[in-house]
Amino acid sequence: MNAAAGGGPPGVVEYVTSHHAEILSWLWSHTWLSVVPVLIGLVVSLPLGYLAARHRWVYPPLVTVGGLLYTIPSLALFVVMPSILGTRILDPVNVVVALSVYTVALLARVVADALGAVPEDVAQAATAMGYTSPQRLLKVDLPLAVPVITAGLRVAVVANVSLVAIAGTIGVPELGQLFTNGFQLSSDGPYYPPIVVGVVLCVALALVLDLVVVVVDRALTPWLRKGART
Amino acid sequence: MITFESVTKRYPGGTVAVDQLDLEAPTGKTTVLVGPSGCGKTTSLRMINRMIEPTSGRVLIDGADTSAVSPARLRRGIGYVIQHSGLLPHRTVVDNIATVPLLLGVDRRTARARSLELLERVGLPQEMAKRYPAQLSGGQQQRVGVARALAADPPVMLMDEPFSAVDPVVREQLQNEFLRLQSDLGKTIVFVTHDIDEAVKLGDQIAVMRVGGTLAQVAGPSELLARPVDAFVAGFVGRDRGYRALGFTTVPSSVPVEREETVRLGESLTTARDRLAHGWVLVVDAEDRPQGWLSEHSVRSARDDLVTPDALNLGGTLATVRGSLRELLDAALSSPSGRGVVTDGQGHLLGTISPAAAVRLIEEHGSTAADAAGRGETA
Amino acid sequence: MSNAFTWLTDPANWHDQLGTPGIPAQVVAHLEYSLGAVAIATAVALPLGLLIGHTRRGASIVTVANGLRALPTFGLLILLYVVISPHIGGRGDGPYLVPTEIVLVLMAIPPVLGNTSAGVGNVSPAVRDASLGIGMTGREVLLRVEVPIALPLIISGVRSAVLQVVATATVAAYVGLGGIGRYLYDGLAARDFSQMTGGAVLVAVLALALDTLLAAVQRWTVSPGVSGRFKAGTAQAALGPAGAARPGAPEAAAEEGVPA
């Protein structure tokens, strides 16, 4: 089971060919466990951040609560979720909710700062030209805030890929399983293939998701590119 | 005296910021470097305290080569004021001013006491001492910047567009205080600006630079306005320079003013009506200081029986005998009655002067102005 | 949650017994791994960050360090454990401790390095220029001007690192190291949910306490002129182009924290 299967690249190839179905399903669940909380977090953060940018008194409690949630280690949050949500310990919903909480804690402040950073003269000019408040938000403030918000999204999505793997240690099926499997298989001697495959896939997934956000950002902010047509 | 000896600054890539500059900034005087952006004026300034090192040539201060001492030691002996104050945000105003004395090893108590003195000297109240720069307005920050530069009492001051980031009203205040301070202190100042009016107002000597880092002309302000050496300088010095040159000729004490009938605030409108001349009467206060003009129309339509401040036309400017011909002409031109009000040094009324009489005076005394006007626009 | 409360208040859990360390011993162990790693990371990243920020060179080092964030913490821990522990003989915690500390240090470096170099590098050019212009040496500019101005960002980088490391140290219990993480994994293995939840509460409280402590240090060391926390009565609206940005804005601009 261990030394015979060998370490090194040939071992990796063998491991992948014999476990490809499992690996693919883990990769898939890892992907959606990483992405869905970011989408939920964004949807929740936009109105929260807007409120904090619009009403000054909302901002300090938002930052404080966000900071507090941030201090909670992810493993602790995964473990506590069942007793809060009434779910089973291995339910992926725990992971989704916990990571959504982190994303909101990060993004709500980012959205508030980004909307607050729209240059005053631009905002005034838009109002002077007759934009209503909601129109200004959608057509002026939000587009200008996109680069800052996507920067926050990049941090969130890359962090999530690593955090989802930690959920593997309590048995949620995703790429983290490759690490726990590798750990158990190494009890009599090092057996690298699942661990290496896991690290490579996690890094690749993080980079791909980061790239997706960058592409979306570029598509939404054509005016920031050199030689953009107007 | 600061001496540039064929100083050149060439950047890697070949851009020449300053080309073979020879210039002397005399001791105790303000030398203004002025020119369009890219003319190398700031680069020249920064080569004096070695913020930028010359590619070739030497900069001397009182005959000593600046490259002979370490940059930090050199700079501690030279005051430096920049456009956005550059105050240390984490230190209070008093500690900002004390920065250089503390670097020089002065003890904290002495340095602070001196800072408080300087704070007053630049026109800020003592209670500002404990504030942080972020609690000050832009104009206040610039004053603190000037105080900091003066703290170690350096003989030489470098000022890089120190007043260009504040609004025009504050700028004028700061310029006037600069002139007052400089007349007290007599520092050797090199001052960079892109504003020719500021240069003319503040400079004892003005060095106009052109793009490429060469000198176009070095002259005193009236000379510069009267005799620009070429089309570039004439264009840069700008329009109205004949009029502006009048600013350098003082109104003679023998200025031929006409006696003006006046009425005091609080006197009856009937008196005012009796003293109207060509439809206007000048109103003064109890000390004979001019307050404004009263028109025939407002005398007749007023509801009160007395002369009150709110009925006055304040359109005219005032000229003083110690002031410039420019002020005199402006007073004559701006007066609603057509009669320019002239006061003595203390603000008491001397009399009035018509525009025609003001122009005659200019013809007699304003030789430089006439000269400038005679050359016309060459740009 | 009430079970967690019962577990936390049970005196039996607070004493070492039969070779099982009690809660205080596990908390101390957790603190040792965590703070040791932050100390090492800071010793490396702080001088490097100051140098990069001050010279404005070597930004690529920060980029590379930020790339570390894409590594899955847990995967790296397992990998290093499997690679390193067979080579460390003897009993004791060595085989667990060395790979764990390496991972923790790697996790702590990016926030400290990034925030320090950004904090120092973003000091306003006017302030740097004026400081040099009035005769400070490069070293004086760094220590008397750039560090005090960058202090909020530097400390917030250390705060991020601490949170990151305290959280990751919990996961290290998976490979067998002590610390609060033991309660989470032992509780999971034994289906003892009150122990798990109790451990989760403990580690959250520990993280919060450390962060609060550092926030206090930050508040105490950062000049009001930088933080914008002026004494009551002296506050005046900041005006003019040179007026500082809104209080707190520099921190918000480069917040580096990610949960772990």
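Coordinate-derived values only; no laboratory data. This structure is a prediction, so every number in the text was calculated from the model and none was measured. Here Cβ is always computed from backbone atoms with ideal geometry, including for glycine, and neighbour counts include all displayed protein chains.
Structural remarks
- Mean separation of Cα contacts under 8 Å (6+ apart) over length of segment B:2-242, as relative contact order %: 28
- Using the Karplus relation 6.51 cos²θ - 1.76 cosθ + 1.60 with θ = phi - 60°, the per-residue 3J(HN,Hα) values for segment C:33-49 come to 4, 5, 5, x, 5, 5, 4, 4, 4, 5, 4, 7, 7, 5, x, 5, x Hz, with x marking Gly and Pro.
- In this structure the amide hydrogen of B:Val32, modeled in the peptide plane, comes within under 5 Å of the amide hydrogens of B:Phe191, B:Asp204, B:Gln205, B:Ile206, B:Ala207, none closer than 5 places in sequence on its chain.
- Karplus (6.51, -1.76, 1.60) ³J(HN,Hα), θ = phi - 60°, over segment A:47-64, in Hz, Gly and Pro reported as x: x, 4, x, 4, 4, 5, 6, 7, 10, 4, 5, 6, 4, x, x, 4, 5, 5
- Crossing angle, helix C:73-84 versus chain C [Cα axis fit, 0-90 degrees, rounded to tens]: 60
- Neighbour counts of C-beta atoms inside 10 Å place B:Met159, B:Met128 in the sequence B:Met128, B:Met159, starting with the fewest.
- With Cα atoms, 0 to 90° folded angle of helix C:147-171 axis to chain C main axis: 10
- Each of A:Trp57, B:Trp293 was scored by other Cβ atoms within 10 Å of its Cβ. Listed from fewest to most, they are A:Trp57, B:Trp293.
- Taking all C-alpha pairs of the protein assembly as shown, those more than 37 Å from each other amount to 61 percent.
- Of all aspartates and glutamates in the structure, the ones whose alpha carbon falls short of 19 Å from that of A:Lys139, not counting any fewer than 8 places away in one chain, are A:Asp113, A:Glu120, A:Asp121, A:Asp217.
- Remark: segment B:262-365 carries a charge dipole of roughly 180 debye about the Cα centre, counting +1 on each Lys and Arg Cβ and -1 on each Asp and Glu Cβ.
- Cut-off 11 Å between beta-carbons: net charge of the residues surrounding A:Asp217, Lys and Arg +1, Asp and Glu -1: +2
- Percentage relative contact order, segment B:240-379, counting C-alpha pairs under 8 Å, at least six apart: 26
- The mean count of C-beta atoms from other chains within 10 Å of the C-beta of residues in C:200-207, rounded to a whole number, is 5.
- P(r) tail fraction, segment C:17-133 - alpha-carbon pairs more than 26 Å apart, %: 38
- Helix B:138-150 axis, angle to chain B major axis (alpha carbon atoms, nearest 10°): 50
- Taking every residue in C:190-199 and counting other chain Cβ atoms within 10 Å of its Cβ, the average works out to 3.
- Entry for segment A:27-180 at q = 0.11, 0.13 Å⁻¹: log10 I(q)/I(0) = -0.49, -0.64, Debye formula applied to identical alpha-carbon scatterers, no solvent contribution.
- Note, ³J(HN,Hα) from phi for segment B:195-202, Karplus 6.51, -1.76, 1.60, rounded to Hz, x at Gly and Pro: 9, 5, 5, 5, 4, 5, 6, 9
- With only the Cα atoms considered, segment B:2-242 has a convex hull volume of 128 Å³ per residue.
- Computed helical MRE - 222 nm, the protein assembly as shown, DSSP H runs ≥ 4 contributing -39500 (n - 2.57), nearest 500: -17500 deg cm²/dmol
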